[in-house]
Amino acid sequence: MNRHMPVHRSMGGFSLLEVLVAFTILALTLGMVWQIFSATAQRATAVQETHRAVMLAESKISELAFTDLVVAGEDTGEVDAIYRWQRRVEPISEGKRSTRLTRARAPYRVIVEVQWSPPAAGLHGQDGKLRSVVLTTVRMGADE
């Protein structure tokens with residue numbers, strides 16, 4: 001036996017290949033997590049936009065409660081240069097009217113449609129299509 005033979009001890013650590021594989025796995029994982037967070041943020045924005053449109057439509061219906069008699073007609077408007085709304089009030093003429101209604105009062109259908117385009121259309125995979133919400137109710141108004 002040779003007593004002067006050098007003893008080779010392996011240095012603890014990772015090889016270059018192991019480090020590259022670890023970074024590749026980390027990059028793929030972070031990419032998937034980023035996509036999940038991005039999709040979740042898009043959905044949250046879409047829900048918030050829809051909620052705001054429904055609130056606007058409800059407020060346009062509620063405005064009619066402050067008038068004495070609802071009458072047939074149409075009006076439109078815009079809010080924040082994003083949401084466009086249209087309110088139509090039309091008499092309900094299908095079927096027989098109740099005999100309990102006086103001649104001065106009649107039912108009217110109130111239809112409110114709110115349309116909007118996502119402000120960041122085309123970014124992050126959004127399609128940029130026009131969105132809309134329609135609410136319909138019945139209010140009592142003047143007989144025509």
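Would you mind getting me the FRET efficiency between ALA22 and GLN48? Use the beta-carbon distance for r and R0 = 41 Å, nearest 0.05.
That gives a FRET efficiency of 0.60.
Contour minus end-to-end for ARG139 and ILE61, with contour as 0.36 nm per residue of separation and end-to-end as the Cα-Cα distance?
Details: separation 78, 0.36 × 78 = 28.08 nm, distance 0.93 nm.
The span from ARG139 to ILE61 would gain 27.1 nm if fully extended.
Every number in this text was worked out from the coordinates using simple rules, so none of it is lab data. Worth saying up front: this structure is predicted, and the values here are computed from it rather than measured. For neighbour counting, all protein chains shown are included, and Cβ atoms are generated from backbone atoms with ideal geometry for every residue, glycine included.
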